[in-house]
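Novice: What follows is a single structure, and I will ask about it in a moment.
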Amino acid sequence: MDTIDFVSSAIISTHSNPKLLSFSKPKPKFKIITKPYSLTHSFRLSNLRVSAIKDHNPDSQVTKPPSVENGDEELDLGWLPAFPHVLIASMSNFTFGYHIGVMNGPIVSIAQELGFQGNSFIEGLVVSIFIAGAFIGSLATGSLVDKLGCRLTFQIDTIPLILGAIISANAHSLDEILWGRFLVGLGIGVNAVLVPIYISEVAPTKYRGSLGSLCQIGTCLGIIASLSLGIPSENDPHWWRTMLYIASVPGFIVGLGMQFAVDSPRWLCKAGRINDAKKVIRELWGASEVERAIEEFQSVSKNDGSDLDSRWSEILDQPHSRVAFIGGALFVLQQFAGINAVLYFSSLTFHDVGIQSSALASLFVGLTNFAGALCALYLIDREGRQKLIIGSYLGMAISMFLVVYAVIFPLDEQISNNLSILGTIMYIFSFAIGAGPVTGIIIPELSSTRTRGKIMGFSFSTHWVCNFVVGLFFLELVEKFGVAPVYASFGAVSLLAAAFAHYFLVETKGRSLEEIERSLNPKA
């Protein structure tokens, strides 16, 4: 996860401080499965692992589906049954990304129309109220998802997202825009926790990382959409209202789509709804997986509904406290490695090389982030989480030191500017390929079935606090110490994050959530 906070980017920096910166593996076997499907009941490919089915259940009536071969390769579409359910969930991340980018350009027009132009404190409040709502939403998600399950929580969460967008679009006073932004933040905080949990619990083990990367891709597409739609706001002072009305549309799509999506089979089993869990497993993972999966679920869960009442205090007990520490630390390191600050400053960096439009500069940054997320989608289940996040932070550190070199050393101005651009792009790409998506994926993988919602809620609340602190003090630190020392500190934190990932993370690639939980729990 993460996500980049374009809300903080360029709002104050581009208008208040324009002078702050100057400056070969074997190819996998694939199978194509052509059995018809639909979103829920018909979308079952019970013949996913045909050879495994025959060995496990010789009496099964499942026959091998047709496949399309390409030489020695067959395309494996075992991820396909879960994909539409994951796609609907990822629309919540699209909403997240859209709201992150929607204020980047129109904030000036909003300030003019609502009467707080030139008041940097009020502009900052419009931004930070979003983060306050997200903090509360993240903390509330653990209890909601334990009691209601992911599917119903998704649908309830669309209410503040839709209402917040509409109230913001209709705002004619400061109070109205603040309430709208707070409600949107509340919904975003819930989604930030909920989407990784849902995907980790419905995705087949083999494809959990790749499907989990759709969180980051959804966020990137949302940012790109909002920044693209924001370009006309530079000429139309009322365009921001249209953009905020559009922001309500994904909420309707998620609310409707979740009516046809499945609930987490792990939550169903935990709630004692074993038959419903079996039905979902058969649809998403194949008939041969049903008994094995249920046995695995029951090995770590009581399956009588008692696990739905986990308490916050339980995350203080081992092994939950260790996972909560890792989750919180990963987000602290992610934020203090400077992702939001670099994005916050990127428009000025692009301005120095002649890109005058802050919306176009931010759009270019968004496209870079999207390219990195696509690479993560391909690599995460091949190279593994730990290797990817370590390489990502090392790339971020090198990128920061490159920018510091461009600022400190006496270089030709054009060369210095080009190096700054290169370092910024490398940094964003490096973040998007590992530190962004892997952080959100690996925390629910390490968490136990009983405390997954609480640990994710705690971890993301840490994220929002650090996000706010970085946005609050970044410009002040740059003014006091200069760009080079601040960026050098981001590089140093990135190195620390790489070391932390090396010593504290375990590889979760190719392991079921229950297998990971048993390995981390000495009592299991």
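The values are calculated or read from the model by the stated rules, or taken from the named source; none is laboratory data. Values in this document were obtained by computation on a predicted structure and should not be read as measured data. Positions of Cβ are backbone-derived with ideal geometry, glycine not excepted, and every protein chain shown enters the neighbour counts. Surface accessibility is based on the protein's heavy atoms, side chains included, excluding ligands, DNA and RNA. Shrake-Rupley method; radii C 1.70, N 1.55, O 1.52, S 1.80 Å.
Novice: Tell me yes or no: at least one residue of the stretch 140-163 is among the acidic types (Asp, Glu) and open to solvent by less than 50 Å² (accessible area, probe 1.4 Å). Talk me through it step by step, then tell me what you get.
Specialist: Filtering the stretch 140-163 for residues among the acidic types (Asp, Glu) gives 146, 157.
Checking which are open to solvent by less than 50 Å² (accessible area, probe 1.4 Å) leaves us with 146, 157.
Yes, that holds for at least one residue.
Novice: Would you confirm whether any residue within the stretch 451-473 is of a type outside the set (Phe, Trp, Tyr), under 30 Å from Asp317 (Cα atoms), over 19 Å from the mean Cα position of the chain (by Cα) and surrounded by fewer than 21 Cβ atoms within 10 Å (Cβ to Cβ)?
Specialist: Scanning the stretch 451-473 turns up at least one residue that is of a type outside the set (Phe, Trp, Tyr), under 30 Å from Asp317 (Cα atoms), over 19 Å from the mean Cα position of the chain (by Cα) and surrounded by fewer than 21 Cβ atoms within 10 Å (Cβ to Cβ).
Novice: On to the next question. Going through Ser416, Ser420, Ser392 one at a time, which residue ends up being assigned to a helix (DSSP H, G or I), modelled with pLDDT under 95 and crowded, with 24+ Cβ neighbours inside 10 Å?
Specialist: Working: Ser416 fails: crowded, with 24+ Cβ neighbours inside 10 Å; Ser392 fails: modelled with pLDDT under 95.
Within the list Ser416, Ser420, Ser392, the selection yields Ser420.
Novice: Does Val332 meet the test of being modelled with pLDDT of 95 or more and surrounded by 21 or more Cβ atoms within 10 Å (Cβ to Cβ)? Steps first, answer last, please.
Specialist: Working: modelled with pLDDT of 95 or more: yes; surrounded by 21 or more Cβ atoms within 10 Å (Cβ to Cβ): no.
No, not satisfied.
Novice: Name, by its number, the condition in (1) modelled with pLDDT of 95 or more; (2) out of contact with any Asp or Glu (no Cβ under 8 Å at 6 or more places or on another chain) that does not hold for Thr95.
Specialist: Answer for Thr95: the failing condition is (1).
Novice: Does Glu123 fit the bill of being open to solvent by 40 Å² or more (accessible area, probe 1.4 Å) and of a type in the set (Asp, Glu)?
Specialist: Details: open to solvent by 40 Å² or more (accessible area, probe 1.4 Å): no; of a type in the set (Asp, Glu): yes.
Considered against the rule, which asks whether it is open to solvent by 40 Å² or more (accessible area, probe 1.4 Å) and of a type in the set (Asp, Glu), Glu123 comes out as no.
Novice: Looking only at the stretch 491-524, which residues are among the hydroxyl-bearing types (Ser, Thr, Tyr), in a loop (DSSP other than H, G, I, E, B) and open to solvent by 20 Å² or more (accessible area, probe 1.4 Å)?
Specialist: Residues of the stretch 491-524 among the hydroxyl-bearing types (Ser, Thr, Tyr): 494, 503, 508, 512, 519.
The next check asks that each one be in a loop (DSSP other than H, G, I, E, B); those that pass are 508, 512.
Across the stretch 491-524, there are no qualifying residues.
Novice: Taking the condition of being at pLDDT below 90 and farther than 13 Å from Leu513 by Cβ, how many residues in the stretch 282-307 meet it?
Specialist: So the answer is 6.
Novice: Would you call Tyr207 open to solvent by 10 Å² or more (accessible area, probe 1.4 Å), of a type outside the set (A, V, I, L, M) and either in a helix (DSSP H, G or I) or under 30 Å from Leu114 (Cα atoms) (or both)?
Specialist: Values: open to solvent by 10 Å² or more (accessible area, probe 1.4 Å): yes; of a type outside the set (A, V, I, L, M): yes; either in a helix (DSSP H, G or I) or under 30 Å from Leu114 (Cα atoms) (or both): yes.
Yes: the conditions hold for Tyr207.
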